[in-house]
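Following: one structure in structure tokens, then a few remarks.
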Amino acid sequence: MAEIVLTTQNARYWHSAFGLRYLLANLQELQSRATLLEFGIKDATNEVLEAILSQQPVIVGIGVYIWNIEQATKLVADLKQVAPEVIIVLGGPEVSYEWDDLPIVAQADYLITGEGDIAFRELCRDLLAGRKPLGKVIPAGIPPLTEVQLPYELYTTEDIQHRVIYVEASRGCPFTCEFCLSSLEIPVRQFELEQFLAQMQNLFDRGARQFKFVDRTFNLNMRFGQSILQFFLDRYEPGLFLHFEMIPDRLPESLREMIQQFPPGVLQFEIGVQTFNPEVGKLISRKQNVDKLEDNFRFLRKQTGVHIHADLIVGLPGETLESFGAGFDRLVGLNPQEIQVGILKRLRGTPITRHDAEWEMRYSPHPPYEILSNRLLDFATMQRMRRFARYWDLIANSGNFTETCTAIWEQTDSPFTEFLRLTDWLYQQIERTHAIPLPRLAELLFNFLTQVQQLDEHSIAERIWQDYTHGGREDRPQFLRKFDLPLPPQKKKKQSKIPARQARHVAVQE
């Protein structure tokens, strides 16, 4: 039994509720009276409700995010029907801004906006002592990080074995990109380095080998960045995997030298390029040095084993289909392992809304609030780009078609134009973007390349076969059986401990 239940519904089982662990870690003397219950967004509401009420709680704190607000709204409504005496406290980015019209807030008892590490503890103390706050909405403000207890000891053995281990060395972002909630989190604040590294050592000693840093600008502070990289470099062993979000145009020589020392596949850098169009960059208050960005990409691809996950956004104000395509081609030329084509979202609280009238920005009112159309991209074009993003992920980002993929645009100057052509053709053939088995996708690629682009059948068959078998598969799809394609040399199978997609890209490099 627990008087305080902290709960949320994660997008996937293997995700973990980082924010709730912070709340639990900072409850101090109340921690023994609290428990953390995590669920998935596909879990039945009645079963989630039953598990929560089995604790006989006085207070239920719910983390609300863009991916779970619909499920959380239903949960709160049902909880109030079954146990109206239970005090419901909401928090999280999806209810920290523009919350006035949200049904979930209307039904809850209290809302903590912002970083609730300390504010939630103080509210629980008051409520359990019979003291009711004067207002329903409690602005948490920005707590000093020296007063925030780190939550890493709350990761269980099961978490370490099966879930994403999120960590952060800093909070906030120095930039003001109008589409991003992090633009509201100024200034950047760092945790005390020695204390943070001691917690990383504890996780490492307990078996954690994959760490996802959620810092928005990991390479902003060079002393911090280098110290953390050196910590993991000193402890390197097979299976270590580190994910960082990086500023694209900031990579000094001292950091380059350290990055070069990591084996392939250990480091993944998520690099937000977002747009190459300088006018669009000005509109959304995003500054970056493109020349330095391109130089850093070339260095990372040619001289390191870093896995680059680069982001571009479709639908930004002022961005035409042609200018997005030009930026996409430019990014393909820099050869990152993955290009995440994201659809612009109108996140609550972000100042991107100031462009709504001039650029006729039209967003879905339902999560994840993706753009439907704007002055330059109509709804039909946005639908094409949604399909483009999905097919690109299946074909290019997946690592399943590294040899075949480049054949799509080898005969042209524009990868974007040819992949959009493939996108339109694929959708005409199968009318779906999900649930496409790998052999079927391989056959569709073969047909497009040989029938539409009229490339040599045997050459394309060899490429597809090489891709199909490089992960160890030996079954031969029907469409390839007419070709003389010997099985590749047997490789000693080694069980990769890094994430599967990254491992496929590393295998190709080897």
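The values are calculated or read from the model by the stated rules, or taken from the named source; none is laboratory data. Being a predicted model, the structure only gives us computed values, none of them experimental. Heads up, the Cβs are rebuilt from the backbone with ideal geometry, glycines too, and the neighbour counts pull from every protein chain shown. Accessible surface areas use protein heavy atoms only, side chains included; no ligands, DNA or RNA. Shrake-Rupley method; radii C 1.70, N 1.55, O 1.52, S 1.80 Å.
Taking a ≥ b ≥ c as the square roots of the eigenvalues of the Cα gyration tensor, the stretch 1-77 is oblate, since a/c reaches 1.5 or more and a/b is not larger than b/c. Taken one residue at a time, the phi angles of the stretch 54-67 give Karplus couplings (6.51, -1.76, 1.60, θ = phi - 60°) of 5, 7, 6, x, 8, 10, 10, x, 10, x, 10, 10, 4, 7 Hz. Gly and Pro are set to x.
Size estimate for the stretch 299-419 follows the Kirkwood approach: the inverse of mean 1/r over distinct Cα pairs works out to 15.6 Å. Near THR433, once Lys and Arg are set to +1 and Asp and Glu to -1 for all other residues with Cβ below 10 Å from its Cβ, the sum equals +2. Taking every alpha carbon pair in the stretch 141-237, what does the distance histogram look like in 5 angstrom bins from 0, in percent? Distribution as computed: 2, 12, 22, 22, 19, 13, 7, 2, 0 percent. Computed from phi, the 3J(HN,Hα) profile of the stretch 28-45 under the Karplus parametrisation 6.51, -1.76, 1.60 (θ = phi - 60°) reads 6, 5, 8, 4, 5, 9, 10, 9, 10, 10, 10, 9, x, 5, 8, 5, 5, 4 Hz, with x in place of Gly and Pro. Computed from the C-alpha gyration tensor, the three semi-axes of the ellipsoid equivalent to the stretch 100-164 are 27, 17, 13 Å, from longest to shortest.
Within the shell defined by Cβ-Cβ distances under 12 Å, the residues around LEU347 carry a net charge of -1, with Lys and Arg each +1 and Asp and Glu each -1. Entry comment: accessible area of the chain is 45 Å² per residue, from protein heavy atoms only and a probe of 1.4 Å. Of the residues LEU487, ASN219, THR7, the one whose Cα sits farthest toward the positive end of the charge dipole of the chain, with +1 on the Cβ of Lys and Arg and -1 on the Cβ of Asp and Glu, is LEU487.
Electrostatic tally near GLN454: other residues with Cβ closer than 14 Å to its Cβ, Lys and Arg +1, Asp and Glu -1, net -3. Considering the stretch 392-457 at the alpha-carbon level, its Rg and Dmax are found to be 11.1, 31 Å. Sorted on the mean count of surrounding Cβ atoms within 10 Å across their residues, most packed first, peptides 97-105, 225-233 read 225-233, 97-105. Treating each Cα of the stretch 305-347 as an identical point scatterer and ignoring solvent, apply the Debye formula and state log10 I(q)/I(0) at q = 0.13, 0.31, 0.34 Å⁻¹. Debye intensities relative to I(0), on a log10 scale: -0.30, -1.13, -1.23.
Between LEU128, ILE87, ILE118, whose Cα lies farthest towards the positive end of the dipole of the stretch 59-179 when Lys and Arg beta carbons carry +1 and Asp and Glu beta carbons carry -1, centred on the Cα centre? The residue sitting most towards the positive pole is LEU128.
Averaging Cα coordinates gives a centre for the stretch 140-210 and one for the stretch 269-321; these two points are 25 Å apart. Every helix of 4 or more DSSP H residues in the chain counts as -39500 (n - 2.57), and over all residues that averages to -11000 deg cm²/dmol at 222 nm.
What size of dipole, in debye to the nearest 20, comes out for the stretch 331-374 about its Cα centre when the only charges are +1 on Lys and Arg C-beta atoms and -1 on Asp and Glu C-beta atoms?
Details: 5 positive and 5 negative charges, 35 e Å.
Roughly 160 debye for the stretch 331-374.
Here the 3J(HN,Hα) profile of the stretch 277-290, calculated from phi with Karplus coefficients 6.51, -1.76 and 1.60 at θ = phi - 60°, is 7, x, 5, 5, x, 5, 4, 9, 6, 10, 10, 7, 8, 5 Hz, Gly and Pro shown as x. Compared with the dominant Cα axis of the chain, that is its longest principal axis, helix 222-234 is turned about 70°.
Value of Rg to Rh for the stretch 205-329, rounded to two decimals, is 1.02; Kirkwood radius and Rg both from alpha-carbon coordinates. Summarising the amide proton neighbourhood of PHE241: residues at separation of 5 or more, or on other chains, whose placed amide H is nearer than 5 Å comprise GLN210, PHE211.
At 0.36 nm per residue, and after removing the present C-alpha to C-alpha distance, how many nm does the segment from ASP484 to THR320 gain when stretched out fully? Between ASP484 and THR320, full extension yields 54.5 nm more.
Show ASP159, ASP109, ASP413 ordered by accessible area, largest first, where the area counts protein heavy atoms only and the probe is 1.4 Å. Don't skip to the end; give the middle numbers.
Working: ASP159 10, ASP109 50, ASP413 155 Å².
Per-residue accessible area, sorted high to low, gives ASP413, ASP109, ASP159.
With Cα atoms as the point set, the radius of gyration and Dmax of the chain evaluate to 24.5, 79 Å.
One equal scatterer on each Cα of the stretch 1-151, no solvent, Debye formula: the resulting log10 I(q)/I(0) at q = 0.11, 0.21 Å⁻¹ is -0.36, -1.55. Once the Cα atoms are used to define both axes, helix 500-509 deviates from the longest principal axis of the chain by about 30 degrees.
Tell me, what % of the accessible area of the chain is carbon and sulfur with a 1.4 angstrom probe?
Details: 11320 of 23090 Å².
Answer for the chain: carbon and sulfur cover 49 percent of the accessible area.
Taken about its Cα centre, the chain carries a charge dipole of roughly 640 debye when the Cβ of each Lys and Arg holds +1 and the Cβ of each Asp and Glu holds -1.
Among DSSP beta bridges lying fully in the chain, give the percent that are antiparallel, nearest 5.
Taking every DSSP beta bridge within the chain, about 10 percent pair in antiparallel fashion.
Against the chain, whose longest principal axis is taken from its Cα atoms, helix 193-205 shows a tilt of about 70°. For the chain, the relative contact order comes to 10 percent (Cα pairs under 8 Å, sequence separation of at least 6).
Going through the cross-link list LYS287/LYS345; LYS42/LYS74; LYS292/LYS345, which pairs have a Cα-Cα distance over 23 Å in this structure? Correct reply: LYS292/LYS345. Each Cα pair under 8 Å and six or more residues apart adds its sequence gap; the mean of these over the residue count of the stretch 382-440 is a relative contact order of 39 percent.
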